Amino acid sequence: MESFHNIPQFLKLAFPSTVMVCLESWTFEVMVFLSGALPNPTLQTSVLSICINVLGSFWMIPFGVSVAGSTRISNELGAGYPNAAYVAVLVTLMMALTCGVVEFALIISVWKVWGKAFSNVHQVVSYVSSMTPVLAIAVFVDAFQTTLQGVARGCGWQKLGAYVNLGSFYLVGIPLSALLAFVFHMNGQGLFLGLVTTLIVQVVCFLFVTWRTDWEKEVNKAAIRVGGTGVQDNTLPLLV
């Protein structure tokens, strides 16, 4: 029965972490739903679905980086090494930058023919081509927000992450997407521009929190969670 004693503590992290993921995933479903209310819904939904699928496919690479970064950062905090945790954050962000640049360059290099991988309908291919520059920017920014969410999970900021995602997606992203698409008649491109703005808001929020973080305090918080002693001697080797 002892193994069940810490379930409430696990749920305090698990529930907001689930909310972080769900709030983000549901937004893309809302975007597809909204595209069906636009003029020529077949075309708009097809193109937006293609862009979202491409974004999701490229998302898997920085997501792997975020998982690795989350694990490393949490290990360093738990071991009592604030400087090592900070270095792990920097390495994670540098890897995110690398992923973002490579993915951006790949999409831009084939932007005129990208739509042909999904459809042979000229109207769809042409529309996807016009959306590709915005898609490339979205993929680049998404690499950062994905890895920054990994940093948040590694530091135990799941509740904060849930609030950031709620605000950025549902107070900024979806209303702005609807405004651009239906009021300014930008259609599917307006929906996607609103989504890009959401990703930028996420990056700004998570970067600000990360930049303002006192890593020694985070180590002490981690020690309290696991019943440890806090900051350790950073001169000791990380691996034995």
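The values are calculated or read from the model by the stated rules, or taken from the named source; none is laboratory data. For clarity, every value in this text was computed on a predicted model and none was experimentally measured. Neighbour counts are summed over all protein chains in view; Cβ atoms, including those assigned to glycine, are modelled from backbone coordinates with ideal geometry.
At-a-glance table
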read-out: Listing of helices (runs of 4 or more DSSP H) fully contained in the range 71-184 that carry 2 or more residues being polar (S, T, N, Q) and touching a residue at least 60 places away in the same chain (Cβ under 8 Å); value: 122-155, 158-165
read-out: Odd one out for residue 149 among (1) under 17 Å from residue 48 (Cα atoms); (2) within 22 Å of the chain's Cα centre (by Cα); (3) polar (S, T, N, Q); value: (1)
read-out: Test: residue 176 is out of contact with any Asp or Glu (no Cβ under 9 Å at 6 or more places or on another chain) and farther than 28 Å from residue 41 by Cα; value: no
read-out: Selection count, the range 187-200, where residues are surrounded by fewer than 20 Cβ atoms within 10 Å (Cβ to Cβ), modelled with pLDDT of 95 or more and not hydroxyl-bearing (Ser, Thr, Tyr); value: 1
read-out: Filter result for residue 19 (over 22 Å from residue 100 (Cβ atoms), at pLDDT below 95, among the aliphatic types (A, V, I, L, M) and out of contact with any His (no Cβ under 8 Å at 6 or more places or on another chain)); value: yes
read-out: Residue, surrounded by the fewest Cβ atoms within 10 Å (Cβ to Cβ), within the range 54-69, restricted to residues that are out of contact with any Cys (no Cβ under 7 Å at 6 or more places or on another chain), in contact (Cβ under 8 Å) with a residue 60 or more places away in the chain and within 23 Å of residue 26 (Cα to Cα); value: 67
read-out: Top-ranked residue in the range 112-131 [being touching a Phe, Trp or Tyr at 6+ places or on another chain (Cβ under 8 Å) and surrounded by 21 or more Cβ atoms within 10 Å (Cβ to Cβ); ranked as farthest from residue 204 (Cα to Cα)]; value: 115
read-out: Residue selected from the range 185-216 under the condition outside any helix (DSSP H, G or I) and of a type outside the set (Asp, Glu), by the criterion nearest to residue 49 (Cα to Cα); value: 186
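Per-residue answers, yes or no, for (1) among the β-branched types (Val, Ile, Thr); (2) closer than 22 Å to residue 13 by Cα; (3) surrounded by 22 or more Cβ atoms within 10 Å (Cβ to Cβ):
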position: 82; (1), (2), (3): no, yes, yes
position: 96; (1), (2), (3): no, no, yes
position: 105; (1), (2), (3): no, no, no
position: 108; (1), (2), (3): yes, no, no
